[in-house]
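A short write-up of the structure that comes next.
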Amino acid sequence: MKWFNEKNGIKLECIAVKMGKDLSLILTGGEAHLGSTALAIPRLSLNGGKLSATASILNVTGHKDGVLAEHYASTAAAQLGCRCVCSCGIHIEQATSQQLEEIQKLADELLNQVLTDLSVS
C-alpha cells in the first residue's frame, strides 16, 4: 500500500507492508536514501492501561531521519498493537528551516492517513 502527501514542492511517500501481524513502513522524500531505521515494540503504558511503544533506532552517521523513523514506528506500534519497523530517508539539499517544518507537517498528516487506512483494513 502506498500513500503520498505533497505541498510547496515537497513530496513524501509512505509504503506499508504487512508482515503477518507486524508492519514495515518506508518513508521517503526529496532525494530518497536510507538514513535511519527504527523498530518499535508495543507495551502497556507506564501511565495507565493504554498501549505505548519502546523503540530502538539505527542512524547512518550524520543523518537526522531517526526522529521521523522513531515517531512513525512508535506511533504505529502503539495504535495498531503490533511490532513496527520504519526505514526513513528524506533529503532536500540545503533545506531551510521553513522546509524542515513543512516536512514535519506533511509527515504527520501522512502518518495519520496511513494509520487510519490500516486501522480499517
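The values are calculated or read from the model by the stated rules, or taken from the named source; none is laboratory data. These numbers were taken from a predicted model, which means no experiment stands behind them. Glycine gets a Cβ as well: all are built from the backbone with ideal geometry, and neighbour counts include every protein chain shown.
Thr61 meets all of the listed conditions (1) part of a loop (DSSP other than H, G, I, E, B); (2) touching a residue at least 40 places away in the same chain (Cβ under 8 Å); (3) among the polar types (S, T, N, Q) but one, namely (2). Within the range 91-119, residues that are closer than 23 Å to Ala16 by Cβ and modelled with pLDDT of 95 or more reach partners that are part of a helix (DSSP H, G or I) and not hydrophobic (A, V, I, L, M, F, W, C) with beta carbons closer than 8 Å, at six or more positions or on different chains, in the pairs Ala107/His71; Ala107/Tyr72; Leu111/His71; Leu111/Tyr72; Leu111/Thr75; Leu115/Thr75; Leu115/Gln79.
Of the residues making up the range 80-118, those that are under 18 Å from Asn5 (Cβ atoms) and over 13 Å from the mean Cα position of the chain (by Cα) are His91, Ile92, Ala95, Gln98, Gln99, Leu100, Glu101, Glu102, Thr116, Asp117, Leu118.
In the range 1-24, of all residues being under 11 Å from Cys82 (Cβ atoms) and part of a strand (DSSP E or B), the one that is nearest to the chain's Cα centre (by Cα) corresponds to Ser24. Could you check, for the range 34-47, whether at least one of its residues is of a type outside the set (Phe, Trp, Tyr), farther than 18 Å from Gly20 by Cα, touching a residue at least 40 places away in the same chain (Cβ under 8 Å) and surrounded by fewer than 16 Cβ atoms within 10 Å (Cβ to Cβ)? Yes, some residue in the range 34-47 is of a type outside the set (Phe, Trp, Tyr), farther than 18 Å from Gly20 by Cα, touching a residue at least 40 places away in the same chain (Cβ under 8 Å) and surrounded by fewer than 16 Cβ atoms within 10 Å (Cβ to Cβ). Summed over the range 68-110, residues that are of a type in the set (Ser, Thr, Tyr) and in contact with a helix residue (DSSP H, G or I) (Cβ under 8 Å, 6 or more places away or on another chain) total 3. In the set (1) of a type outside the set (A, V, I, L, M, F, W, C); (2) exposed (fewer than 12 other Cβ atoms within 10 Å of the Cβ); (3) closer than 20 Å to Val120 by Cβ, Thr75 fails one condition alone, (2).
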